[in-house]
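Data first, discussion second: the structure below is written as structure tokens.
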Amino acid sequence: MQFAFVDSSVGLSDKLNLHKYGFLYDTRVVAIALFVYVAFVYVLKPISFWLKNHKIFFRICNAYAFILGFVCALFGIVNFYYYEMYKTKIDIFIFGIKDDNTKEILGIIFRDYPVGILVALVFVIAFGYGVANAEILQKKILVRLPYFLLANLVLLCVLFIGARGSFSSFPLGEKDSNISTFASINALNPNPILAFSWALSQYKNDSNYDIGDKESFYREFLALQESMFYLKSTTPKSNIATNLPKPHIVINLMESFGSGALSLDYSFGGINGLIDSNTTNDTIRLDVLGALREHLTSSFAQTKNRQDFIFWRFFSSNNGTAPSFFDLYFLSPTINLSTGKAQKIKLAHTPLSVLQNNGYEVIFITSSSGSWVNISQYIKNQGIDKIYDMPHLIAKYKDATANQNSFGINDEYIYKDIIEVLNHATKPTAIFTLTTSNHPPFITPSEFDEINAKHLSSEVQNVFNQNAKTKKVLGSLLYSNNAFGEFLSELKHSKVANNVVVFATGDHHLRDLRAFATRYNALNFATPLYIYIPTSLQDSLKSSGRAINYDALRVGSHKDIFPTIFELFLDNAEYISLGGRNMLGKANEREFGINASIWADGAGIYYNDSMFRWKYHTEAKDLKALLEVQNNIEQIPQEKQDFRQKYERLRQMQFLDRLNFHKE
């Protein structure tokens, strides 16, 4: 794992800590496994002696050794590929295999990985465990009873200490795995079996919606808001409400639309310095933007009549599709919201219901199947007006099945439908989406695969995971961005061009990329926020006292998208926000972006116990410079450590409060 995933820039002390804590976590698992084995021996040995049948003892012990070998080998292999894909230890998102499109996910696994060879290897290792155990049990060592009892007592003490992994008051746990400023060190040191047990515990707690004692719950809930920020906000009331524009709204949540992937494009300097500081090949010109280039790069041009606004210091709320989807659209921290026991409960005060309550028709359009995490049924339960998923788009557009795959159809059909819906809209319409093209198995029009084929040098391959199908990944990335770019170009020249706004961001980073160099650590989690507001609407906003204030250095995350929409276009509307701010409003003293792994503010990014300050505090020339941090590392102030912990607690409590709203 170290040789495959730990960057050469990681120092010796961090590598030693990786092995030290890795050994301690492994010792915990081994000691617990041996405890069970010793228990078998203590119980089965007398029974087999009494029954005069020693085969029972040997068979059960050998079976246990085989199972132990099987589990250890299996988790070791899963851990390797899980980190390669998600850049983290085994965590709660592993249960997406069960809750997501199980058949499709397994299909991708069997297609993209040497499953047959790996399964055979697991059985070989398990068989080796069984054989080794049988050989050990055949040996007979005669010792006197006092020495035997003493040896067993010492063994139990050693196993007890080993099972704790620590001499302190508490056993070595998940919190102890944050030992470095390098993400790879923190993710690789825990034993995968322990990591899975932590994930399982979190998954079970994720479905616990009981608030306990009501009085103490709301006392804590109010105290958290008083110490941080209040959840409820109200948009300004216009003196002349008719002057406030009420445009159509498109919120586009794009699959793997990460800043790290976008930074590969030649417009942003390409691959130079991202992974290996020695990479200086300026002849590699990757095109990952296509028609989207003119819309994204225009943000760097200082124009008076700016219509495109880009925030690069912007982060997805989570590192997976389902959790980001539910967090953005429903303010939910629960990943199994649509498949668990809360799936039929109508959540109070969702961002989408705020739009409905203020005169908008709300429509969901996705290129995925509505059966994905039971999404269509859940959205129906939330009272959304219309749902157009893959079956609807296939029925409407006869050529939509041309590149259909296990996760959906091509994104262009989402955009075709958006144009058609808006052209025929008779009232203010808000469309929220979820795209799928930039997702494995990366089946998109083949012509996009060839555009970057000539640039697939070893330097480019080094930017991607070892098993990534680089040509297909780049092709799908280019296709999905190009489709969005063509949509924007068409929309800006359509009959609704002056009466529509677009907000677009990513659900998470592109997982097929290797982790970026430390100075570009933010690229590992950033997903840009793109906003289109035509100048005519900007003029109307200005006359209504809601003038645009754009600052490219502003920091934010998914929590800020709907507050921006509400504060710009809704009149005297009440809504709930988890610290969200108007990204195009006046600067606020508490602006921050928060992701499941890191968080950031105007000073820099915060990862584990370390702070990395932004390198540039004036508008930089490109994407990478905007997200670059300084080399020096600082300790996170206690106040900011407390803020993160309080925020996560408040996030959970507001969800429980809203979930139980209709029960009262």
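The values are calculated or read from the model by the stated rules, or taken from the named source; none is laboratory data. Computed from a prediction, not measured in an experiment: that's the story for all the values here. Here the Cβ positions follow ideal geometry from the backbone for every residue, glycine too, while neighbour counts run over all protein chains shown. For the accessible areas, the whole protein counts, side chains as well, though only heavy atoms, and no ligand, DNA or RNA atoms are used. Shrake-Rupley method; radii C 1.70, N 1.55, O 1.52, S 1.80 Å.
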Gln461-Ser494 FRET efficiency (beta carbon distance; Förster radius 41 Å; 0.05 resolution)
0.50
Just to make sure I understand: if all protein chains stay in place, what is the order of Thr234, Thr350, Thr339 by accessible area at 1.4 Å, largest first?
Thr234, Thr339, Thr350
Fully extended contour minus Cα-Cα distance, from Asp399 to Gln630, at 0.36 nm per residue
78.2 nm
How much accessible area does Lys380 have with a 1.4 Å probe, in Å² rounded to the nearest 10?
120
Taking the C-alpha atoms of the stretch 374-438, convex hull volume expressed per residue in Å³
97
At Ile67 and Leu150, where each label point lies 7 Å from the Cα along Cα→Cβ, what is the point-to-point distance in nanometres?
3.5
So the compactness index of the stretch 399-509, its C-alpha Rg divided by 2.2 N^0.38 Å, takes the value 1.23
Please determine, in degrees from 0 to 90 and to the nearest 10, the orientation of helix 412-423 with respect to the longest principal axis defined by the Cα atoms of the chain, where the helix direction is its Cα long axis.
40
Amide hydrogen neighbours beyond the local backbone of Ser557, cut-off 5 Å, H modeled:
Phe315, Ile594
Tyr550 - accessible surface, heavy atoms, 1.4 Å probe, Å² rounded to 10:
50
Report D for the stretch 466-534 in µm² per second (integer): Stokes-Einstein, Kirkwood Rh on Cα pairs, 10 °C, 1.306 mPa s.
110
What is the Cα convex hull volume of the stretch 358-398 when expressed per residue in Å³?
67
Can you give the FRET efficiency for Asp539 and Thr618, using 1/(1 + (r/R0)^6), R0 = 25 Å, r = Cβ-Cβ distance, to the nearest 0.05?
0.35
Accessible area of Val158 in the full protein assembly, 1.4 Å probe (Å², nearest 10)
90
Could you give the distance between the Cα centres of the stretch 115-149 and the stretch 380-410, to the whole Å?
54
So, R0 is 60 Å and r is the distance between the beta-carbons of Phe300 and Leu200; what FRET efficiency does that work out to, to 0.05?
0.85
Filter Lys15/Lys471; Lys175/Lys344; Lys87/Lys175; Lys237/Lys542; Lys20/Lys640 down to the pairs with a C-alpha to C-alpha distance above 26 Å, please.
Lys15/Lys471; Lys175/Lys344; Lys20/Lys640
Sequence of Glu220, Glu447 from largest to smallest accessible area, 1.4 Å probe
Glu447, Glu220
Note down, for the stretch 214-270, the three equivalent ellipsoid semi-axes (square root of 5 times each alpha carbon gyration tensor eigenvalue), biggest first, whole angstrom.
38, 27, 12
Quote the charge dipole size of the chain about the Cα centre in Debye, to the nearest 20; the model charges only the Cβ of Lys and Arg (+1) and of Asp and Glu (-1).
1680
From phi via Karplus (6.51, -1.76, 1.60), per-residue ³J(HN,Hα) for the stretch 424-430 in Hz, x at Gly/Pro
10, 5, 10, 8, x, 10, 10
18 Å tail of the calculated P(r), the stretch 546-605, as % of Cα pairs:
32
Dimensions of the stretch 321-390 along principal axes (Cα, Å, largest first)?
29, 26, 20
Over the stretch 455-582: Kirkwood hydrodynamic radius from C-alpha pairwise inverse distances, Å
17.7
Just to check, using Stokes-Einstein with a Kirkwood Rh over alpha carbon pairs, what's the diffusion coefficient of the stretch 81-213 at 10 °C and 1.306 mPa s in µm²/s?
82
Between Ile211 and Ala552, what is 0.36 nm times their sequence separation minus the Cα-Cα distance? Round to one decimal in nm.
118.7 nm
Under 5 Å, built H, 5+ apart or other chain: amide partners of Gly370
Met390
Across the stretch 546-553, in residue order, what do the Karplus-derived ³J(HN,Hα) couplings come to in whole Hz, using 6.51 cos²θ - 1.76 cosθ + 1.60 with θ = phi - 60° and x for Gly and Pro?
10, 5, 6, 10, 9, 9, 4, 8
Accessible area, probe 1.4 Å, largest first, for residues Arg590, Arg313, Arg293, Arg219:
Arg219, Arg590, Arg293, Arg313
For the stretch 512-624, compute the orientation-averaged projected area of the C-alpha convex hull (one quarter of its surface), in nm².
8.8
Long pairs among Lys586/Lys615; Lys416/Lys624; Lys469/Lys624; Lys472/Lys492; Lys246/Lys615, criterion Cα-Cα beyond 28 Å:
Lys416/Lys624; Lys472/Lys492; Lys246/Lys615
Could you give the length gained on full extension between Asp7 and Asn243, defined as 0.36 nm per residue of separation minus the Cα-Cα distance, in nm?
79.4 nm
Nearby aspartates and glutamates by direct alpha-carbon distance to Lys454 (threshold 13 angstrom, same-chain neighbours under 8 apart not counted)
Asp287
Karplus-derived HN-Hα couplings along the stretch 335-345 (A = 6.51, B = -1.76, C = 1.60, θ = phi - 60°), whole Hz, x at Gly and Pro
7, 9, 4, 8, 10, x, 6, 9, 5, 9, 8
Give me the one-decimal Kirkwood hydrodynamic radius in Å for the stretch 30-131, with the sum taken over alpha-carbon pairs.
16.1
Rg/Rh for the stretch 296-347 to two decimals, with Rh computed the Kirkwood way over all alpha-carbon pairs.
1.25
How big is the charge dipole of the stretch 1-53 about its Cα centre, in debye rounded to the nearest 20, if each Lys and Arg gets +1 on its Cβ and each Asp and Glu gets -1 on its Cβ?
360
